[in-house]
Amino acid sequence: MTISQLSRKNVQSLTPYQSARRLGGSGDVWLNANEYALSPNFDLTDRTFNRYPEPQPQAVIEGYATYAGVAPENVLVSRGGDESIELIIRAFCEPTDSVLYCPPTYGMYSVSAETCGIVLKTVPLTADFQLNLTEIERNLDGVKVVFVCSPNNPTGTLVKRSDLLKLLQITAGKAIVVVDEAYIDFCPQATMVNELPNYPHLAIIRTLSKAFALAGLRCGFTLANAELINVLQKVIAPYPLPVPVADIATQALSAQGIEQVKQRVEEVLTLRADLQKNLENLPLVEKVFESDGNYLLVKFQDGPKVFKALWEQGIILRDQHKALGLANCIRITVGTKEENARVVEAIGEVRVI
Ligand SMILES: *Cc1c(COP(=O)(O)O)cnc(C)c1O
């Protein structure tokens, strides 16, 4: 047998997550991964590189707990929000259980479930990108984890709070509901954190990759009741956070760091409104969807053509043409003022004959 044939069957049939970086491209305008355009600057203050780090660095846990308005026992820190997705599946799903999610949405729910060999169930979002609760309820048999992304990547939509509450009610005692709040810092009033005391099966995913402008740090969080956090503690790697990561995360979560996040969010929201208005004026644009994140989903007359034309000029966007229900759509991260202007100008020059 070849080495590939020796690997697990579900791994043999796996396609790795098509991350922005993996998709490649060469350019000078990178608006395909919902990153912040500029890097914040930090100095290392902890140089104990010879020692293993704290498994759950206290300063990071306390800093994030304060920021999120929960107790430290409600916080788990991990190697990005992506690790949290996999930890939840590994901790809660038997091979015979299934995971349910609602496309079009973030790709890592299916990748992590498939890696673990767990059955996937999908219930597409409605035409206005909301939950189809009737269909979800009909498909809950054997489901251990339900993933809901709000604001949803790539649509930008917030899932209705009343629907999330109904979902929590119909899954109580049966399944974990994961609300992925990777973009919640751009619309903090919409968080489900205040529902944690009411729902022991609610888990909320957060990250420093988006509004904190630290995607390179690989630092994310799970917020949940202590019992759920303790279950995840059993399956997480012993030292998930390198010393330099904990050091920088602690600084990013200081009062001054949080103040910078708030300013950055204000700036991104202003730039997003300008970008939306300028895109709506272009003849090739059919629709710019309302967004609560740091990105816009845009529907074109000919999406693949626009994507390719900009790609060839070194403007790298995220094609959504193949995502469920998103034919001719492209996701555009809000960049700097100059980057946004270049995108609008380049799209304005594309000719569809
Ligand atoms: C970016 C993102 C995450 C987490 O990203 P990490 O960089 O692993 O923290 C999780 N969910 C969604 C929807 C995202 O867009």
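The values are calculated or read from the model by the stated rules, or taken from the named source; none is laboratory data. Predicted model only: the values in this text are computed from it and were never measured. Here the Cβ is made from the backbone with ideal geometry for all residues, glycine too, and neighbour counts use every protein chain on show. Heavy atoms of the whole protein, side chains included, go into the accessibility calculation; ligands, DNA and RNA do not. Shrake-Rupley method; radii C 1.70, N 1.55, O 1.52, S 1.80 Å.
Note down the relative contact order for the chain as a percent, whole number, built from C-alpha pairs under 8 angstrom at least six residues apart.
Reported as a whole number, the value is 23 percent.
Could you calculate, for the range 58-253, the ratio of the Cα radius of gyration to the Kirkwood radius, expressed as Rg to Rh?
Dividing the radius of gyration by the Kirkwood radius yields 0.94.
Want the number for Glu227 to Ala341: 0.36 nm per residue separation, take away the alpha-carbon distance, what's left?
Working it through step by step, the gained length comes to 36.2 nm.
Could you tally the net charge around Asp185, taking each other residue with its Cβ under 10 Å from the Cβ of Asp185, Lys/Arg +1 and Asp/Glu -1?
+3
Accessible area per residue for the chain in Å², computed with a 1.4 Å probe and the full protein assembly in place, what is it?
Counting only protein heavy atoms, the per-residue value for the chain is 46 Å².
Let me see the P(r) profile for the range 172-231: every Cα-Cα distance counted, bins of 5 Å, each bin given as a percent of all pairs.
The percentages, shortest bin first, are 4, 18, 26, 23, 15, 10, 3, 1.
Could you give the length gained on full extension between Cys116 and Asp128, defined as 0.36 nm per residue of separation minus the Cα-Cα distance, in nm?
So the chain would gain 1.2 nm between Cys116 and Asp128.
Cα extents of the chain along the three principal axes, largest first, in whole Å?
Answer, in whole Å and largest first: 58, 52, 51 Å.
May I ask for the net charge around Val143, where only other residues with Cβ less than 9 Å from the Cβ of Val143 are counted and Lys, Arg are +1 while Asp, Glu are -1?
Net of charged neighbours comes to +1.
For a quick check, take a GNM of the chain with Cα springs below 10 Å and name the residue from Phe289, Phe147, Phe186 with the largest mean-square fluctuation.
For the chain, modelled as a Gaussian network with Cα springs under 10 Å, the answer is Phe289.
Ignoring solvent entirely, what values of log10 I(q)/I(0) come out of the Debye formula for the range 300-353 at 0.20, 0.21, 0.22 Å⁻¹ when each Cα is a single scatterer?
Reported log10 I(q)/I(0), two decimals: -0.68, -0.75, -0.81.
In the chain, what percent of the accessible surface is made up of carbon and sulfur (1.4 Å probe, ligands and nucleic acids excluded)?
The value for the chain is 52 percent carbon and sulfur by accessible area.
Along the three principal axes, how long is the range 189-323 when you take its alpha carbons, biggest first, rounded to the nearest angstrom?
Between the extreme Cα coordinates on each principal axis of the range 189-323 lie 53, 33, 28 Å.
Let me know the shape class of the range 1-153, please: from the alpha-carbon gyration tensor, a ≥ b ≥ c as square roots of the eigenvalues, rounded when a/c is under 1.5, otherwise prolate if a/b is greater than b/c, or oblate.
Cα axes put the range 1-153 in the rounded bin.
Nearest 5 is fine: what % of DSSP beta bridges in the chain come out antiparallel, could you say?
50
Of Leu76, Leu125, Leu44, which is the most mobile in a GNM of the chain whose springs link Cα atoms less than 10 angstrom apart?
Checking each option, the largest mean-square fluctuation is seen for Leu44.
Relative contact order (percent) for the range 58-253, with alpha-carbon contacts under 8 angstrom and 6 or more residues of separation?
It comes to 27 percent, rounded to a whole number.
Compute the Rg/Rh shape ratio of the range 43-117: radius of gyration over Kirkwood radius, all on alpha-carbon atoms.
When Rh is taken as the Kirkwood radius, the ratio is 1.08.
Work out, step by step, the length gained on full extension between Lys322 and Gln169: first 0.36 nm times the residue separation, then minus their alpha carbon distance; give nm to one decimal.
Fully extending the segment from Lys322 to Gln169 adds 51.8 nm.
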